[in-house]
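Since the structure comes first, as structure tokens, the remarks are kept for the end.
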There are 2 protein chains.
Amino acid sequence: MADLTGLFAPERVAVVGATPGEGSVGRAITANLIEGFSGEVVGVNPNYGTVLGVECVDSLADAGEPDLAVVVVPPGIAIEVVREAGEVGVENVVVITAGFGETGSEGATRERELREVAREYDLNLVGPNSLGIMSTSVGLNATFGPDDALEGNLSFMSQSGAFITAVIDWANDQGIGFNDVVSLGNKAVLDEADFVEAWNEDDGTDVVIGYLEGIEEGREFIETAREVTRDTPVVLVKSGRTDAGAQAASSHTGTIAGSERAYEAGLAQAGVLRAESVQELFDSAQMLANQPLPEGESVAVITNAGGPGVMSTDAVGDSRLSMASFSEDTLERFRESLPAEGNIYNPVDIVGDADIERFADALEAALSDPNVGMALVLSAPTAVLDYEVLAERTVELREEYDKPVAACFMGGERVAPAAELLREAGIPNYFDPARAVDSLDSLARYREISAREYDAPTAFDVDRERVRELLDRAEERGDNRIGVEAMGILDAYGIPIPEREVVSDPVEAERVAESIDGEAVMKIVSPDIMHKSDIGGVKVGVPESEVYDAYEDLVARARNYQPDATLLGVQIQEMVDLDRGVETIVGTNRDPQFGPLLLFGLGGIFVETLEDVTVRIAPVSESEATEMIDGIDAAPLLRGARGREPVDETAITETIGRLSQLVTDFPEIVELDINPLVVTPEGATAIDIALTVEQ
Amino acid sequence: MADLTGLFAPERVAVVGATPGEGSVGRAITANLIEGFSGEVVGVNPNYGTVLGVECVDSLADAGEPDLAVVVVPPGIAIEVVREAGEVGVENVVVITAGFGETGSEGATRERELREVAREYDLNLVGPNSLGIMSTSVGLNATFGPDDALEGNLSFMSQSGAFITAVIDWANDQGIGFNDVVSLGNKAVLDEADFVEAWNEDDGTDVVIGYLEGIEEGREFIETAREVTRDTPVVLVKSGRTDAGAQAASSHTGTIAGSERAYEAGLAQAGVLRAESVQELFDSAQMLANQPLPEGESVAVITNAGGPGVMSTDAVGDSRLSMASFSEDTLERFRESLPAEGNIYNPVDIVGDADIERFADALEAALSDPNVGMALVLSAPTAVLDYEVLAERTVELREEYDKPVAACFMGGERVAPAAELLREAGIPNYFDPARAVDSLDSLARYREISAREYDAPTAFDVDRERVRELLDRAEERGDNRIGVEAMGILDAYGIPIPEREVVSDPVEAERVAESIDGEAVMKIVSPDIMHKSDIGGVKVGVPESEVYDAYEDLVARARNYQPDATLLGVQIQEMVDLDRGVETIVGTNRDPQFGPLLLFGLGGIFVETLEDVTVRIAPVSESEATEMIDGIDAAPLLRGARGREPVDETAITETIGRLSQLVTDFPEIVELDINPLVVTPEGATAIDIALTVEQ
């Protein structure tokens, strides 16, 4: 793990390319750095002795061993400056300079060089093409943006510099502060995983937020973030969710569009709270940064306004939260204190004439109820209610009971001073009850993430050597779509396949048919005959008594079709009873960012027409495999819907787990579909398989 | 249609129950009325000569023929006051008084009396249990709320008085104004349909918005709103969407929870834009109130910030909008004017160093492109850009090209003056690009509604008499679940049923079997034997040669099972070839608010497990029936998915239409399920039916 102390808390910073030129980036950064930074600043520019009153030296070697170099020189020189930084022992570099990977092939070459130099000297390098970084705890603003950020406990990374500029201007107005801010730029060296990891160790950061257009090292990100999100919430907007958005992202930062399905799965497995809009990003972040996690998911709504109370209840219904059921003691307390036209059940309607005492009493009763995980204080303006006093009491009670509280004091100017009091105490106030409920929902979402146990993927006992051999054999043949051997590959990894044997005479065929239950499926085995069914080379439902004749017939058809074909024999396979089973599909393909993706769904129309599938990045744990099954809409069909016997779900879980191990062990498998995997009450059997390897 | 001129533009208003008592509702209303009202105010209270300087008379008869009486007396007297109003010719009454239907059975009785009196005198009565009404065009504030509303072109009705108070305080702060505001109260006489209709005729109202918890006269509302929404957008929050919300609504206003499915269908059929939150309600309303409707659904995004550009593109992907494809001319213009690192395709990235001229040029190029329906101006703050000037140019261009424009000038304090300029010109500014896109989406949604052609339900040629007879016969028998005759009812309404005949000897059975294609289904007909399959009273797939024996066997089984059962014979029915067909369900049940609800879905798991159904309120037009088919997720299965021949969808449309006519003609049919309706490429056949009548 990279130690980023020198990046975010440097004692001495050199601006390479410092200049007094009006309107220049070099000037803007120097000016921002001078203002408020607790450490020392030195300029590097052979053309000046001082810049904006700061000492300016000729080269980094003369800069007095800075911890951080901010590079604002033209792209052609930037690489040499970075090399010099490495030579003289500067460990942290922020490359503001643009003109690298974002500008075409020449730039891409330059960026590869830059990365190599940084790796050679083991530099912590941010950028290139970055707006810069900020660290409010030491007053560091090493960006060329127009504003300083307020101090706070959010750390923020963004793949868009313009978004940082916009957010900081807005956040200053909203009173939202940051600990560190990083404009990721082209992420030549340090990327989102590095910052997520570093901020997890940082006492000043309570919540990590970010805007990303792509995650190149998807698997690495999942592994890092999964650990981090146990302790530190990570909330991200990952744009390019839609086809149009992905295209726009590609044109903006050259991000290769990974599949949205892979991102969705990967971010969920990583424990990241994904926000779909800027509003959701900050609503979630503020709540997570300032309030405790709830014990449960039940909400009490205390309101003097019936209609908005109903709206908030709808919002709870739309979320993962539930309306709390009060204990008998609490109901009794409400019965005594509320007027008859009120409502003692949740949402608690304390009626429009409620004064501050009735409001505070009701809130206290709710918060002291062990059945209540969190509360929403929802109020319309009335003549008898002073919003500022209500805000004070709300803040006191939130702290006393240490349960999350959201506020929806409705109104405009009348609310402003109360909203300010609430905000200072970490209680955001929204006009819209639904937004207040959503902010509580993000606490519940994160509570679930922080509480989840991560079980490592099961290591099944498998025959890896056999698969190696089968794949090598296919490679020798130059096949990249594997037919017959693919079943052997599943078998080697313990995935049940129908009992089957390849025989080379009709008597042997009868012997095999005897050993299997019921009817048989018989199939010509020949590497020279591709479309076996087309020539009548497949027979289904052959009873034992007809196996001898069927053998002879199949061989005759093959000979007839292609006299010189190599005949390896006839495969006899047990018939799987589809009537008692459900056809499922377990598949995998490879995502450029995240590696092997596992897919599960029911067969036929469910996958093809309804797209009712779940996806996870491999390797998956047993609980993740279980989630894949639970996640499809048609899951009830596995569980005895319509009077059928429930199927053996653990057999599916195990198949997913074994397939996960297979595709993780053999990266050359780029696509594999078990279609169908028939699941009965007794187990699962892979009936057919298509496998593609990359050679 | 009620003429509400005297309600919203009275020349003289009487406050019955005017009083100077501090903190009283009567005082609050009198005070609000005095301030700013262009007409005359008179108090009615025998205890005072004047109230707050206003003349006070003993009774309404002495009040000088007011157009409007506002009633603030106790509930026991209120009815008499309303009667007096009727007697002396006051046409409009607002009953503020509470203690009616919302308070239990005594109150409900009182409310019925109030309604009768109002009907007797044909009064326009608002309330009871109302906060009052406002009409800004005449300076009328006949509420006891704390604030006056600003003038504007929204008219607003709400079933929650507290919500009105909250909204007006907030709207005053946001600069949002209203034409009329109505607190609906218990809706004893005037309800949402009346106001929607009146505001459609009102030049001062451009958009109708509202908060409703229930719509009692659902069918009437649909009919009224369907006409209104062709010209005037109606945006509503209908709460109680979720189970918890419906329960809360019931406890708040005593609203009987209609089914959410019925509301969803009814509001859509009515052309109402349904908002799911307060934020969405006002974002949509402001856009609709101030901007033209777009020609198409394509959006151009012009931005100096790549990241937010990608976010806005995702938001477009989530909406019904599409990213505009520019004409070659426009692209050429961008190629000439934009720097190489920009993006000439949509979202148009004019790059961070763009000055006002580059921004305005790009916006103009986009707006002048016939492929562009609307535009989003999306900007991060930069040193070279003056937001106020950008706002001015945006306003000019929006007006010049008369296309909708949304703004997302990101930032905080820096944006405020520009946002104010934009707001004054009817362009809302949002920090979140997604919210700006959603506001454009509401214009596209309404454009679709205003453009839709309403085709009246088809009047099919049916045999109404025969159904009347069959239903009467069932009533005589005291049956409310109808078996055998139900197929006759479908037949009478032209819904295809299998060819069938009831016969009473085996020779006749053979004759019938000859006349039908293929195998037969044979079934005992006896009112005394309920579960025919259990006793072997049903035979499926009987070939012609076995019909004679099958007849004898069926009769023997029936006799054996119950010797004294009345045997009406044996039904012979053609077998429908399920292999080429898709099983669907067409059903109906009766909603307390909206009347008969029609439901369509595919059979089996699709309805039961996946709940993949669409619902509409009957009667439906042909295009509504088509929408029902298009609306299910599994629709591709009707259209040749998985290599099957597409089925005859028009046969489904017609069946829905005929069923719609049936349940509209016979309100005593409370439930009817055709399950399955088998649809093949050649047509549809109702195989089984369950029908319940209310007697």
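Taking the listed residues B:ARG590, B:ARG658, the one that is in a strand (DSSP E or B), buried (at least 19 other Cβ atoms within 10 Å of the Cβ) and at pLDDT 90 or above is B:ARG590, with no other qualifying. Considering the conditions (1) open to solvent by 70 Å² or more (accessible area, probe 1.4 Å); (2) touching a strand residue (DSSP E or B) at 6+ places or on another chain (Cβ under 8 Å), B:ALA14 is excluded by exactly one of them, (1). Looking at this structure, is B:ASP553 over 30 Å from B:GLU260 (Cβ atoms), out of contact with any helix residue (DSSP H, G or I) (no Cβ under 9 Å at 6 or more places or on another chain), modelled with pLDDT under 85 and open to solvent by 40 Å² or more (accessible area, probe 1.4 Å)? It is false that B:ASP553 is over 30 Å from B:GLU260 (Cβ atoms), out of contact with any helix residue (DSSP H, G or I) (no Cβ under 9 Å at 6 or more places or on another chain), modelled with pLDDT under 85 and open to solvent by 40 Å² or more (accessible area, probe 1.4 Å). Scanning the range B:357-384 for residues that are in a loop (DSSP other than H, G, I, E, B), open to solvent by less than 60 Å² (accessible area, probe 1.4 Å) and either on the phi > 0 side of the Ramachandran plot or in contact with a Gly (Cβ under 9 Å, 6 or more places away or on another chain) (or both) yields a total of 5. Checked against (1) more than 19 Å from B:THR143 (Cα to Cα); (2) crowded, with 17+ Cβ neighbours inside 10 Å; (3) among the hydrophobic types (A, V, I, L, M, F, W, C), B:VAL81 meets all criteria but (1).
On the basis of being modelled with pLDDT of 95 or more and either under 21 Å from B:VAL301 (Cβ atoms) or in contact with a Gly (Cβ under 9 Å, 6 or more places away or on another chain) (or both), does B:GLU388 make the cut? No, not satisfied. Just to be sure I understand, how many residues within the range B:31-58 are open to solvent by less than 30 Å² (accessible area, probe 1.4 Å) and small (Gly, Ala, Ser)? The qualifying residues number 2. Here the strands (runs of 3 or more DSSP E) wholly within the range B:508-582 that include at least 3 residues being of a type in the set (A, V, I, L, M, F, W, C) and closer than 30 Å to B:ASP648 by Cα are B:520-525, B:538-542.
Would you check if B:GLU682 is more than 14 Å from chain A (Cβ to nearest Cβ), touching a strand residue (DSSP E or B) at 6+ places or on another chain (Cβ under 8 Å) and more than 30 Å from A:LEU638 (Cα to Cα)? Answer is no for this residue. Go through the residues of the range B:443-458 one by one and say whether even a single one is under 20 Å from B:PHE282 (Cβ atoms), within 14 Å of chain A (Cβ to nearest Cβ) and among the small types (Gly, Ala, Ser). No, that holds for no residue.
A single member of B:ALA300, B:ALA315 is small (Gly, Ala, Ser), within 14 Å of another protein chain (Cβ to nearest Cβ) and under 26 Å from the mean Cα position of the chain (by Cα), and it is B:ALA315.
Taken over the range B:385-412, the residue count meeting the criterion of being surrounded by fewer than 19 Cβ atoms within 10 Å (Cβ to Cβ), within 14 Å of chain A (Cβ to nearest Cβ) and aliphatic (A, V, I, L, M) is 0.
Please enumerate the residues belonging to the range B:215-230 that are assigned to a helix (DSSP H, G or I) and open to solvent by 10 Å² or more (accessible area, probe 1.4 Å). Scanning the range B:215-230 gives B:ARG219, B:GLU220, B:GLU223, B:THR224, B:ARG226, B:GLU227. Among helices (runs of 4 or more DSSP H) entirely within the range B:418-501, having at least 3 residues that are closer than 21 Å to B:ALA684 by Cα and open to solvent by 20 Å² or more (accessible area, probe 1.4 Å) singles out B:484-492.
Counting only helices (runs of 4 or more DSSP H) that sit wholly inside the range B:231-303, those with at least 2 residues that are in contact with a Pro (Cβ under 8 Å, 6 or more places away or on another chain) and closer than 22 Å to B:SER319 by Cβ are B:278-290.
Can you say whether A:ALA270 is within 13 Å of another protein chain (Cβ to nearest Cβ) and either under 29 Å from A:VAL620 (Cα atoms) or modelled with pLDDT of 95 or more (or both), as far as the supplied structure shows? In short, no. Taking the criterion of being farther than 20 Å from A:VAL82 by Cα and part of a strand (DSSP E or B), the residues of the range A:41-71 that qualify are A:THR50, A:VAL51, A:VAL54, A:GLU55. Any residue that is aliphatic (A, V, I, L, M), in contact with a Ser or Thr (Cβ under 8 Å, 6 or more places away or on another chain), open to solvent by less than 10 Å² (accessible area, probe 1.4 Å) and more than 24 Å from A:VAL351 (Cβ to Cβ) - is there at least one of those in the range B:144-159? Checked the range B:144-159: at least one residue is aliphatic (A, V, I, L, M), in contact with a Ser or Thr (Cβ under 8 Å, 6 or more places away or on another chain), open to solvent by less than 10 Å² (accessible area, probe 1.4 Å) and more than 24 Å from A:VAL351 (Cβ to Cβ). The listed residues are B:LEU691, B:LEU637, and the only one of them that is among the aliphatic types (A, V, I, L, M) and in contact with a Ser or Thr (Cβ under 9 Å, 6 or more places away or on another chain) turns out to be B:LEU637.
A single entry from A:PRO496, A:PRO457, A:PRO506, A:PRO433 fulfils the requirement of being farther than 30 Å from A:GLY317 by Cα and in contact with a Pro (Cβ under 8 Å, 6 or more places away or on another chain): A:PRO457.
The condition (being under 24 Å from A:GLY161 (Cα atoms) and touching a helix residue (DSSP H, G or I) at 6+ places or on another chain (Cβ under 7 Å)) is satisfied by just one residue among B:ALA383, B:ALA375, B:ALA354: B:ALA375.
Restricting the first member to the range B:471-485 and to residues that are at pLDDT 75 or above, and the second to residues that are of a type outside the set (Val, Ile, Thr), the beta-carbon pairs closer than 6 Å and six or more apart or on different chains are B:GLU475/B:GLN695; B:ASN480/B:GLN695; B:ILE482/B:ALA474; B:ILE482/B:LEU691.
Filtering the range B:607-631 to residues that are open to solvent by less than 20 Å² (accessible area, probe 1.4 Å) and within 14 Å of another protein chain (Cβ to nearest Cβ) leaves only B:ASP612. When A:ALA625 is tested against (1) assigned to a helix (DSSP H, G or I); (2) modelled with pLDDT of 95 or more; (3) touching a strand residue (DSSP E or B) at 6+ places or on another chain (Cβ under 7 Å); (4) among the aliphatic types (A, V, I, L, M), exactly one condition is not met: (3). Here A:LEU125 fulfils each of the conditions (1) open to solvent by 10 Å² or more (accessible area, probe 1.4 Å); (2) more than 14 Å from chain B (Cβ to nearest Cβ) apart from (1). Among the residues of the range B:188-224, the one identified as out of contact with any Leu (no Cβ under 9 Å at 6 or more places or on another chain) and of a type in the set (Ser, Thr, Tyr) is B:THR224.
Could you check, for the range B:449-460, whether at least one of its residues is within 33 Å of the chain's Cα centre (by Cα), on the phi < 0 side of the Ramachandran plot and without any contact (Cβ under 8 Å) to a residue 24 or more places away in the chain? Looking for residues that are within 33 Å of the chain's Cα centre (by Cα), on the phi < 0 side of the Ramachandran plot and without any contact (Cβ under 8 Å) to a residue 24 or more places away in the chain, one finds at least one in the range B:449-460, hence yes. The residue that is nearest to the other protein chains (Cβ to nearest Cβ), among those in the range B:323-356 that are open to solvent by 40 Å² or more (accessible area, probe 1.4 Å) and among the acidic types (Asp, Glu), is B:GLU341.
The values are calculated or read from the model by the stated rules, or taken from the named source; none is laboratory data. Only a predicted model underlies this, so the values are computations on that prediction, with no experimental measurement involved. In this analysis, Cβ positions are derived from the backbone assuming ideal geometry, glycine residues included, and neighbour counts consider all displayed protein chains. Only protein heavy atoms, including side chains, enter the accessible area calculation; ligands, DNA and RNA are left aside. Shrake-Rupley method; radii C 1.70, N 1.55, O 1.52, S 1.80 Å.
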